[in-house]
Every structure is written in structure tokens, then in C-alpha cells.
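The values are calculated or read from the model by the stated rules, or taken from the named source; none is laboratory data. If you're wondering where the values come from, they're calculated on a predicted model, not measured in any experiment. With ideal geometry, Cβ positions are generated from the backbone for all residues, glycine too; neighbour counts draw on all protein chains shown. All accessible areas refer to the heavy atoms of the entire protein, side chains included, with ligands and DNA or RNA removed. Shrake-Rupley method; radii C 1.70, N 1.55, O 1.52, S 1.80 Å.
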Amino acid sequence: MDTAKDVLPIEELLAERRHLLEVARRTLGEGPDAESVVEETYRRWYALPAPARAGITAPRAWLAQVAGGICRDRPARYGVPERPQTRAAAPPPDRAGSGAGPAAPARRGPRGPRSSPVPAWQHDTVVAAVRQACATQDAALLASLLASDVTAVFDGGGKVRALTGPVHGGRQVARSLLALLARGPLTSLHTHPVNGRTAIVVRHERRVVAVIGLDVAGPHVVRIWVVLNPDKLRLWNPPPSAGAR
């Protein structure tokens, strides 16, 4: 099964979410009501059986239609909305570690023991090579850096249209990562320390839109966590302070 065909490039993923927010804001105005409509829209998308989702030929149009229907069922309110029941976006369990970064990918997806830590220089070398392979869309280089049994988890938190299950195997993981990180004029990839280990940080313009953590064993990556959930990335994108110029 080719999971890469279900992966939206970062810029399309963000554009889709912005479009849904605009649909909601036209009816409900600015504020948390519009955000709750987008949450409910994606909740209904993921509540569909997988075959039903696969049969929707224009997902963005379907999502917009659903968002519009939710808005019509709600009066415009400017107070505190009645939000749907959603799971709180808890901070990653290891965020209180070294304090090297504002947030880290939640390591809850793949089961089984984690790899034995490699020296920091070796980890950094592999991560830098993965960043280069993704930035240049070099499929051969990326495949050479991934273990044959590598597992990747994409955490969208139900707030963006991301893969819902783990992706297994070097070929599938490579294709999924390259699809997500397809070149866009406003997207850039950087290495950055996150909780004592170098990770890949994806920026769209000036905002962090993904943090990618990697477990490395020897010369290969064995596990990958891709955090796309906007709630878990808020500390990376603080609002400008009142005194900032």
C-alpha cells in the first residue's frame, strides 16, 4: 500500500486549513468559534471509514462543504463557544528534559524499545544528511539513511489532514517524508536542538509548522516522529510582545 499518495505537501496542508478557517470566519467571525468548526470538520473526516475517505475525489471541497454546514447549524457568537469534545493537546512527555527547545515530538507512536543512544556527533551527522536529502528531494540519499524497518508517525492532532497511522519500511517512509516536504517557495528546513538532540524544524515563512524528531542507530534512522499539530507547536510561534518593533 502506497501511503505517500495520501500525504499533503506542507504548503497545501496549511492552505487547506486556512481555507477552512476562512469559510468559518465568514459566518462566525474571528475567534475560537472558527477554530472549533475546523476541529469538528476534521473530526468528521477522520470518522469516515478509510474506504469512504479514499472515495472522495476532492477532499478539500468536501471539507469546505462540511465546514459550511457546521457553521449554518451554529448562530454567530462572540462569547465563549460551546466547543466540541476534543482531546487536549498535552505537551510532549519529554519536553521538560534539557530545555534545548520549546517543544519536541511526542514519542508515543511506534512500539518496542528505543534505539541505544549514539554519540551526539553521529546523531547530528545523520540528521543533517536527512535534512539535506529532504530539502533537495533526493530519494536515493534519503533511502540510504533509513533502516529497512524504520517507522514514522505523523502527529496532526486532528487539526490538519495528516496520516493517522504509522508508516513502516524504508521505501514507504522515504516517499511519505518527501511528499510532505515537497519543495515550496515559502517552506524551509533547518536543524535545531530539541531536548538535547538535533531535530529537523520546518518553517513556512517565519512560522514553525513541523518538528521532526529522529532516533538513530549506527548510520541509520530507525524511528521518526513528525509533529504537525498546531497546538503542540505554539511555543515555537509565540505572538509578538507588545513592546516588540
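Only residues that are outside any helix (DSSP H, G or I), hydrophobic (A, V, I, L, M, F, W, C) and within 24 Å of residue 204 (Cα to Cα): list them for the stretch 1-25, please. Please lay out each step first, then the result.
Here is the first cut: in the stretch 1-25, the residues outside any helix (DSSP H, G or I) are 1-2, 7-9.
If we keep only those that are hydrophobic (A, V, I, L, M, F, W, C) as well, we get 1, 7-8.
Result: 7, 8.
Table: residues versus (1) closer than 25 Å to residue 120 by Cα; (2) part of a loop (DSSP other than H, G, I, E, B); (3) at pLDDT 95 or above.
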| site | (1), (2), (3) |
| --- | --- |
| 163 | no, yes, no |
| 174 | yes, no, yes |
| 193 | yes, no, no |
| 202 | yes, no, yes |
| 212 | yes, no, yes |
| 225 | yes, no, yes |
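Residues that are open to solvent by less than 20 Å² (accessible area, probe 1.4 Å) and modelled with pLDDT of 90 or more: find the helices (runs of 4 or more DSSP H) completely inside the stretch 26-104 holding 2 or more of those. Don't jump to the end; show me each part of the working.
On the way: elements: 32-47, 50-54, 59-72.
It comes to 32-47, 59-72.
Determine, yes or no, whether residue 216 is over 19 Å from residue 160 (Cα atoms), among the aliphatic types (A, V, I, L, M) and not in a loop (DSSP other than H, G, I, E, B). Show your work before the answer.
On the way: over 19 Å from residue 160 (Cα atoms): yes; among the aliphatic types (A, V, I, L, M): yes; not in a loop (DSSP other than H, G, I, E, B): yes.
In short, yes.
For the stretch 215-223, check the following and say yes or no: at least one residue is among the small types (Gly, Ala, Ser) and in contact with a helix residue (DSSP H, G or I) (Cβ under 7 Å, 6 or more places away or on another chain).
Step one: of the stretch 215-223, the residues among the small types (Gly, Ala, Ser) are 217-218.
If we keep only those that are in contact with a helix residue (DSSP H, G or I) (Cβ under 7 Å, 6 or more places away or on another chain) as well, we get none.
Within the stretch 215-223 (the criterion being among the small types (Gly, Ala, Ser) and in contact with a helix residue (DSSP H, G or I) (Cβ under 7 Å, 6 or more places away or on another chain)), the answer is no, since none of the residues qualifies.
Residue check: is residue 188 polar (S, T, N, Q) and modelled with pLDDT under 95?
Answer is yes for this residue.
What single numbered condition from (1) closer than 30 Å to residue 63 by Cα; (2) open to solvent by less than 30 Å² (accessible area, probe 1.4 Å) fails to hold for residue 206?
Condition (2) is where residue 206 drops out.
Go through 194, 221, 226, 160 for me and flag whichever is under 11 Å from the mean Cα position of the chain (by Cα), over 17 Å from residue 18 (Cα atoms) and open to solvent by less than 30 Å² (accessible area, probe 1.4 Å).
Details: 194 fails: under 11 Å from the mean Cα position of the chain (by Cα); 221 fails: under 11 Å from the mean Cα position of the chain (by Cα); 160 fails: over 17 Å from residue 18 (Cα atoms).
Just a single option satisfies the conditions, and that option is 226.
With the structure loaded, tell me whether residue 215 is open to solvent by less than 60 Å² (accessible area, probe 1.4 Å) and within 29 Å of residue 43 (Cα to Cα) or whether it fails that test.
Answer is no for this residue.
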